[in-house]
Amino acid sequence: MHHHVSISYGLPRRGLPAPASLRRWVAAALVGARRRTSVELAIRLVDAAEGREFNRRYRGRDYATNVLSFAAELPRGVALPLLGDLVICAPIVAREAAEQGKRVRDHYAHMTIHGVLHLLGHDHENDRDAHEMEALERRILAGLGIDDPYN
């Protein structure tokens, strides 16, 4: 199974996850969700201004958030391996990790996996779906040696 993950940085890379780490977390999410086909996706790490602009423009919310997922919308009948795009806002992830007493790297892993699961169609709009998605996140993260992010 082949996965192509394109990664771009909209801010200096110092202190941010390396491409190899992001790719490993994507692969873990895909395996954990039992995705058996090859996929392509893009990840962009951004500052607060760019994160806010994405959230405002595409979700109508005028603030930066930790991760945004944009599933690929292909025309009917077009079968390509495009999964979608993730936008991860570095200052928000760092702030949340500090507030929650987590390692920043672990929180990046969680946000990457969370975003990929959204691209795969998982959601947390109701209690049942949230419970299922969180259980899947816990299992994938545990496989990476990362503690339960919801504790």
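Here, each number is a calculation from the coordinates, and none is a lab measurement. Note that the structure is predicted; figures quoted are calculated from it, not measured. Ideal geometry is used to build each Cβ from the backbone, glycine not excepted, and the neighbour counts take in all protein chains shown.
Taking every C-alpha pair closer than 8 Å and separated by at least 6 residues, the mean separation divided by the residue count of the chain gives a relative contact order of 23 percent.
The residues packed around ALA28, meaning those with a beta-carbon under 13 Å from its beta-carbon, carry a net charge of +4 if Lys and Arg are +1 and Asp and Glu are -1. Each peptide in 60-66, 132-138 was scored by the mean count of other Cβ atoms within 10 Å over its residues; highest first, the order is 132-138, 60-66.
If only the Cβ of Lys and Arg carry +1 and only the Cβ of Asp and Glu carry -1, the dipole of the chain around its Cα centre is close to 500 debye.
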